[in-house]
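Asker: Please find one structure pasted underneath; my questions will follow.
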Amino acid sequence: ALSSNQELAKKIARNMGLDLGKCNVKTFSDGEIQINIEESVRGSHVFLIQSTSSPVNENLMELLIMVDALKRASVGSVNVVMPYYGYARQDRKARPREPITSKLVANMLQRAGVDRLVTIDLHASQIQGFFDIPVDHLMGAPLIADYFERIGLTGAEGDVVVVSPDHGGVTRARKLADFLKTPIAIIDKRRPRANVAEIMNIIGDVKGKKCVLIDDMIDTAGTITLAANALKELGATEVYASCTHAVLSGPAIERINNSAITKLVVLDTIEMPEERQSEKIVQLSIAHLLADAIIRI
């Protein structure tokens, strides 16, 4: 495991009945990273656990340096388990003269010598096609659905509806709705500029219903909190929200605490320090899912 999500790595190792491999990651005073692998990896199939969450560039560089160290130590194969794939939102040219950074990251990982990528809920599933190596793309929706089933939010009562906060997330919402056997609704949203969302109107029936919002990631929480407040104003009795990647940067926690959201259900693809925790946030672990995937590979 590298530095980005040690807690998750320990849980994965525990699920597999293994100890984490021994390595030492140091940062020099000028910010350069030095890595030393403290046991033999010759001929071994190594699974590296590292999310490229904040600080994104440091975590990405640490990963690339580690892959280089492994290749020079005659490793059998390098399998990167990246629960959260950073730069995934830059997956196309939305305007002229823009980079496609998620493709650049894919190129860097392959050039460094990665043999396989395991990841969860990519922002755009076509990112799999940016790689010429196997990509195992796992889904977080079943884990989220399990939680909502346990607290009784299913279609059995006929008063639950799954809501997509934008057009892009309709497939994701439909998957969750299939698990929970509920109808879906869609919020028609316009985004005037980055990190600023403006709610338009709602397609579907939410009046007198318990709403479950689902998104792949929550960053500044602008979209999800505006959506929750709009649903409440339109007659929803309760609003629950869920996402795979809790990026939660800037004013996110404050917005969530002040919003109409009853509970926000997230997965632990990104480590959540104390200052990013809240009474409203429930974190579920993906450790057993990743452990299972590693065993099958």
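The values are calculated or read from the model by the stated rules, or taken from the named source; none is laboratory data. Bear in mind that the values here come from a model prediction, so they are computed numbers and not experimental data. Neighbour counts are summed over all protein chains in view; Cβ atoms, including those assigned to glycine, are modelled from backbone coordinates with ideal geometry. Just the protein is used for accessible areas: all its heavy atoms, side chains included, with ligands, DNA and RNA removed. Shrake-Rupley method; radii C 1.70, N 1.55, O 1.52, S 1.80 Å.
Asker: Which residues, counting only those in the range 89-122, are touching a residue at least 40 places away in the same chain (Cβ under 8 Å), touching a Leu at 6+ places or on another chain (Cβ under 8 Å) and aliphatic (A, V, I, L, M)?
Answerer: Within the range 89-122, Val105, Met108, Leu109, Ala112, Val118, Ile120 meet the criteria.
Asker: Name the strands (runs of 3 or more DSSP E) wholly inside the range 188-297 in which the number of residues that are over 22 Å from the mean Cα position of the chain (by Cα) is 2 or more. Break it down into steps so the answer makes sense when it comes.
Answerer: On the way: elements: 196-203, 210-218, 238-246, 261-267, 281-284.
The strands (runs of 3 or more DSSP E) meeting that bar are 196-203.
Asker: Next up: Among all residue pairs at least 6 apart or on different chains, which show Cβ distances below 7 Å where the first residue, located in the range 32-53, is over 18 Å from Val80 (Cα atoms) and the second is buried (at least 16 other Cβ atoms within 10 Å of the Cβ)?
Answerer: Here the result reads Ile33/Met61; Ile33/Glu62; Ile33/Ile65; Glu38/Cys23; Glu39/Gly21, each pair linking the range 32-53 to a residue that is buried (at least 16 other Cβ atoms within 10 Å of the Cβ).
Asker: Further question on the same structure: Looking at (1) loosely packed, with under 15 Cβ neighbours inside 10 Å; (2) under 30 Å from Gly76 (Cβ atoms), which is the one condition that is false for Gly208?
Answerer: For Gly208, the failing item is (2).
Asker: Which one of the conditions (1) touching a Gly at 6+ places or on another chain (Cβ under 7 Å); (2) over 21 Å from Thr244 (Cβ atoms) does Leu180 fail to meet, given that it meets all the rest?
Answerer: The failed condition is (2).
Asker: Let me ask another. Does the range 258-291 hold any residues that are open to solvent by 70 Å² or more (accessible area, probe 1.4 Å), farther than 21 Å from Ala177 by Cα and free of Cβ contacts under 8 Å to residues at least 60 places away in the same chain, and which are they? Spell out the reasoning first.
Answerer: At the first step, the residues of the range 258-291 found to be open to solvent by 70 Å² or more (accessible area, probe 1.4 Å) are 258, 274-275, 277, 279, 283, 288.
Narrowing further to those that are farther than 21 Å from Ala177 by Cα: 258, 274-275, 277, 279, 288.
Within the range 258-291, Asn258, Glu274, Glu275, Gln277, Glu279 meet the criteria.
Asker: Output the residues belonging to the range 108-128 that are surrounded by 12 or more Cβ atoms within 10 Å (Cβ to Cβ) and either of a type in the set (Phe, Trp, Tyr) or more than 21 Å from Gly169 (Cα to Cα) (or both).
Answerer: Step one: of the range 108-128, the residues surrounded by 12 or more Cβ atoms within 10 Å (Cβ to Cβ) are 108-110, 112-125, 127-128.
Selection gives Met108, Leu109, Gln110, Ala112, Gly113, Val114, Asp115, Arg116, Leu117, Val118.
Asker: Can you name every residue in the range 70-90 that is on the phi < 0 side of the Ramachandran plot, open to solvent by 30 Å² or more (accessible area, probe 1.4 Å) and out of contact with any Ser or Thr (no Cβ under 8 Å at 6 or more places or on another chain)? Explain how you work it out, then say what you get.
Answerer: The first filter runs over the range 70-90 and keeps only residues on the phi < 0 side of the Ramachandran plot, leaving 70-73, 75-86, 88-90.
With the extra rule that they be open to solvent by 30 Å² or more (accessible area, probe 1.4 Å), the set shrinks to 71-73, 76, 89-90.
Residues satisfying the conditions are Lys71, Arg72.
Asker: Taking the stated definitions as given, is Ile133 open to solvent by 30 Å² or more (accessible area, probe 1.4 Å) and over 30 Å from Gly113 (Cβ atoms)?
Answerer: Values: open to solvent by 30 Å² or more (accessible area, probe 1.4 Å): yes; over 30 Å from Gly113 (Cβ atoms): no.
So Ile133 fails the test.
Asker: Which condition from (1) at pLDDT below 95; (2) surrounded by 16 or more Cβ atoms within 10 Å (Cβ to Cβ) is the one that Gly31 breaks?
Answerer: (2)
Asker: What's the number of the condition Ile294 fails, among (1) open to solvent by less than 40 Å² (accessible area, probe 1.4 Å); (2) more than 22 Å from Pro55 (Cβ to Cβ); (3) in contact with a Ser or Thr (Cβ under 7 Å, 6 or more places away or on another chain)?
Answerer: (3)
Asker: Next question. Being under 19 Å from Glu32 (Cβ atoms) and of a type in the set (Ser, Thr, Tyr) is the filter here; which residues of the range 44-86 pass it?
Answerer: Selection gives Thr52 alone.
Asker: Do we find a residue being at pLDDT 95 or above, open to solvent by 70 Å² or more (accessible area, probe 1.4 Å) and of a type in the set (Gly, Ala, Ser) anywhere in the range 37-55?
Answerer: So far as the range 37-55 goes, yes, one or more of its residues are at pLDDT 95 or above, open to solvent by 70 Å² or more (accessible area, probe 1.4 Å) and of a type in the set (Gly, Ala, Ser).
Asker: Quick check on this structure: which one of Val105, Val162 is buried (at least 16 other Cβ atoms within 10 Å of the Cβ) and not in a helix (DSSP H, G or I)?
Answerer: Working: Val105 fails: not in a helix (DSSP H, G or I).
So the residue among Val105, Val162 that is buried (at least 16 other Cβ atoms within 10 Å of the Cβ) and not in a helix (DSSP H, G or I) is Val162.
Asker: Kindly check whether there is at least one residue in the range 168-175 that is over 24 Å from Val105 (Cβ atoms) and open to solvent by less than 70 Å² (accessible area, probe 1.4 Å).
Answerer: Our first condition is that a residue be over 24 Å from Val105 (Cβ atoms); within the range 168-175, this holds for 170, 173-175.
Those left that are additionally open to solvent by less than 70 Å² (accessible area, probe 1.4 Å): 170, 173.
There is at least one residue in the range 168-175 that is over 24 Å from Val105 (Cβ atoms) and open to solvent by less than 70 Å² (accessible area, probe 1.4 Å).
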